[in-house]
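Derivation of every value follows stated rules applied to the coordinates shown; laboratory data play no part. Nothing here was measured: the structure is a model prediction, and the numbers come from that model. Quick reminder, even Gly has a Cβ in these numbers, built from the backbone with ideal geometry, and neighbours come from all protein chains shown.
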Amino acid sequence: MLGHFGFSYIGLIYLLMLFIPNGIWAKHKPHGYNADGESKTLLIFERVGQILCTVTILIFGDYNPTEFTSWTLWLFASAALMLLYEAWWIKYFVGKKTLKSFYGNFLGIPLPGATLPVIGFLLLGIYGKVIWLVISAVILGIGHIGIHIQHIKTMQRTPKE
């Protein structure tokens, strides 16, 4: 459960699946997006989780598949969530880029921009049997999902123009 040191190409692919659309998003944020007033505690959880996930997903080779077993289903589930995350980004980028499209459900999944990658990382940690990624994903989830929930609550309190 502690993991075996070694480079994870699966981890690199997952990080690219995160960083590329987020880099594009930085130039295409929804109109009215405002990060002011985010909980400092949630922001600390998010940042620490991001750093821990980035490191632990790259330095343990346990995520690289070696043979197909029933345990590989964890990897498939994780990869499916990451592919859904990419599909959600595509839907956002080709759409109107509104706060509603950014925070709205996708295929019935609430807060897909926050929940899909966090759960994808969590399942990858389970697949690799690396407790450090599981813990890192939980920390990230507390902060990242918490901040998204906070943004939705702020949107609901803000009068419509």
Query raised in the report: Taking only pairs six or more apart or across chains, which ones have beta-carbon atoms under 9 Å, a first residue in region 12-40 that is farther than 19 Å from Leu116 by Cβ and in contact (Cβ under 8 Å) with a residue 24 or more places away in the chain, and a second residue that is charged (D, E, K, R) and assigned to a helix (DSSP H, G or I)?
Result: Glu38/Glu46
Report summary line: Taking region 105-137 and the residues there that are β-branched (Val, Ile, Thr) and in contact (Cβ under 8 Å) with a residue 60 or more places away in the chain, the one that is surrounded by the fewest Cβ atoms within 10 Å (Cβ to Cβ) would be Ile131
Report summary line: Taking region 51-75 and keeping only residues that are more than 16 Å from the chain's Cα centre (by Cα) and part of a helix (DSSP H, G or I), one is left with Ile59, Gly61, Asp62, Tyr63, Thr72, Leu73, Trp74
Query raised in the report: So which of Leu81, Leu73 ends up being more than 26 Å from Gln156 (Cα to Cα), buried (at least 19 other Cβ atoms within 10 Å of the Cβ) and not basic (Lys, Arg)?
Result: Leu81
Report task. Could you grab me the full set of residues in region 1-50 that are aromatic (Phe, Trp, Tyr) and either closer than 22 Å to Lys129 by Cβ or in a helix (DSSP H, G or I) (or both)? Result -> Phe5, Phe7, Tyr9, Tyr14, Phe19, Trp25, Phe45
